[in-house]
Amino acid sequence: MFGWFLRGAGSRVKTTRYPPEFDSNVGISPGRPIATQFASSQEADNAAVQCPTQAITAHDNMADINVSRCVHCMACSHGEAAMKWQNDYDWATLSGAGASTTTRPFKKSLHIRLVDSGSCDAVIQEIKQLAKPYYNMHKLGFFITPTPRHADVLMVAGPVTSHMRLALKKTYDAMPGPKWVLAVGNCAISGCVFAPSFMAAGTVSSVIPVDVQVPGCPPPPLAILHGLLVLTGRAQEAPPHVTTTIAEVPL
Ligand code: SF4
């Protein structure tokens with residue numbers, strides 16, 4: 001125990017500097033592809049066919065991304081038909097009611113209630129990292145609360161399964177206003193690969209109003225932190241040149 005303490009005290013600060021600095025440590029998420037202009041339509045077609053989830057669509061010499069289908073396999077990150085790459089983590093966008101809200105109370109501190117509405121656990125694992133010393137979301141004023149009565153924000157991960165639909169609605173209704181909803185991950189936003197399942201009851205926005213979307217499969221911790229900062233008005237949403245399509249997958 002004492003040796004552990006000495007090692008920790010001697011290794012200085014091990015907390016990410018985000019938001020002033022992005023993370024560059026080994027093992028951190030490698031970013032995501034963005035819409036890319038190629039020299040010819042043939043190259044754009046080649047970029048599209050290499051995607052296993054049909055997230056890339058080609059028209060003329062442009063290759064567009066439907067980020068709600070991208071699973072970050074990186075197949076399109078190299079080779080002759082490589083897509084352009086976004087290396088930062090400003091992925092979150094305002095949506096619905098959130099986009100029209102101009103004043104945001106609780107700018108400095110938020111309490112968050114998390115609901116897993118049927119996820120595969122990938123997004124939940126990323127969210128868990130936020131409370132650990134490395135990402136340390138508490139330093140930014142964000143705290144997880146176990147009760148919706150104390151929550152300002154409802155963070156939802158996963159497609160909404162039939163069994164979780166009512167629980168999600170009840171949790172939202174139990175929160176006092178003003179309140180916001182953060183849909184985290186492609187499944188929460190679009191249903192993604194689970195959308196066609198007979199157990200998927202719809203997207204989060206089909207059950208409760210969503211204010212901020214954080215796309216990704218799963219989104220890395222810094223992208224989720226960006227979503228919280230956008231929600232509190234302390235960061236800008238993803239700039240238009242990387243805000244490619246966020247489309248619902250047809251059920
Ligand atoms: S990284 Fe995303 S867009 Fe690129 S090939 Fe993989 S799933 Fe498709």
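Every number here is computed from the coordinates shown, using simple stated rules; none is lab data. On a predicted model such as this, the values are computed, not experimentally measured, just so you know. Virtual Cβ from ideal backbone geometry, glycine too; neighbours counted across all protein chains shown.
If you stretched the chain out fully between residue 198 and residue 234, how much longer would it get, using 0.36 nm times the residue separation minus the C-alpha to C-alpha distance?
Taking residue 198 through residue 234 to full extension adds about 9.0 nm, to one decimal.
Seen from all sides and averaged, what is the projected area of the convex hull of the Cα atoms in the range 32-86, in nm²?
3.0
With +1 assigned to the C-beta of every Lys and Arg and -1 to the C-beta of every Asp and Glu, and no other charges, what is the dipole magnitude of the range 109-251 about the Cα centre in debye, to the nearest 20?
The dipole of the range 109-251 has a size of about 360 debye.
So, with +1 on the Cβ of K and R and -1 on the Cβ of D and E, and no other charges, what is the size of the charge dipole of the range 32-86 about its Cα centre, to the nearest 20 debye?
The calculated dipole for the range 32-86 is roughly 260 debye.
Considering amide H positions built from the backbone, and no H for Pro or chain starts, which residues 5 or more places from residue 201, or on another chain, come under 5 Å of its amide H?
160, 161, 162
Amide H of residue 110: which non-local residues (sequence gap of 5 or more, or other chain) have their own amide H closer than 5 Å, using H built in the peptide plane?
Those qualifying (amide H under 5 Å, at least 5 residues apart or on another chain) are 142, 143.
Quickly rank 185-191, 106-112, 45-51 as a protection proxy: mean count of other C-beta atoms within 10 Å, highest first.
185-191, 45-51, 106-112
Work out from phi, with θ = phi - 60° and the Karplus expression 6.51 cos²θ - 1.76 cosθ + 1.60, the ³J(HN,Hα) of each residue of the range 208-218, listed in order in whole Hz, and give x for Gly and Pro.
9, x, 9, 9, 9, 10, 10, x, x, 9, x
Highest mean first, how do 65-72, 219-226 rank when packing is the count of other Cβ atoms within 10 Å averaged over residues?
219-226, 65-72
For the range 93-231, treating each Cα as an identical point scatterer without solvent, what Debye log10 I(q)/I(0) comes out at q = 0.21 1/Å?
-1.33
Charges on Cβ only, +1 for Lys and Arg, -1 for Asp and Glu, centred on the Cα centroid of the chain; of 67, 77, 129, which one is farthest towards the dipole's positive end?
129
Taking the Cα centre of the chain as origin, work out the dipole magnitude from +1 charges on Lys and Arg Cβ and -1 charges on Asp and Glu Cβ, in debye rounded to 20.
1320
Which of the aspartates and glutamates could a cross-linker span from residue 108 if the Cα-Cα distance has to be under 20 Å and same-chain partners fewer than 8 positions apart are dropped?
Within the straight-line limit of under 20 Å, residue 108 reaches these aspartates and glutamates: 21, 90, 152, 211, 237.
Which of 148, 117, 218 sits farthest toward the positive end of the charge dipole of the chain, with +1 on the Cβ of Lys and Arg and -1 on the Cβ of Asp and Glu?
148
For residue 107, go through the lysines and keep the ones whose alpha-carbon is under 30 Å away, minus same-chain ones fewer than eight residues off.
Of all the lysines, those that pass the test against residue 107 - Cα under 30 Å, at least 8 places apart if same chain - are 14, 128, 132, 139, 169, 170, 179.
Calculate, axis by axis, the spread of Cα positions in the chain along the three principal axes, and write the results as whole Å, longest axis first.
Principal extents (largest minus smallest coordinate, Cα): 57, 49, 35 Å.
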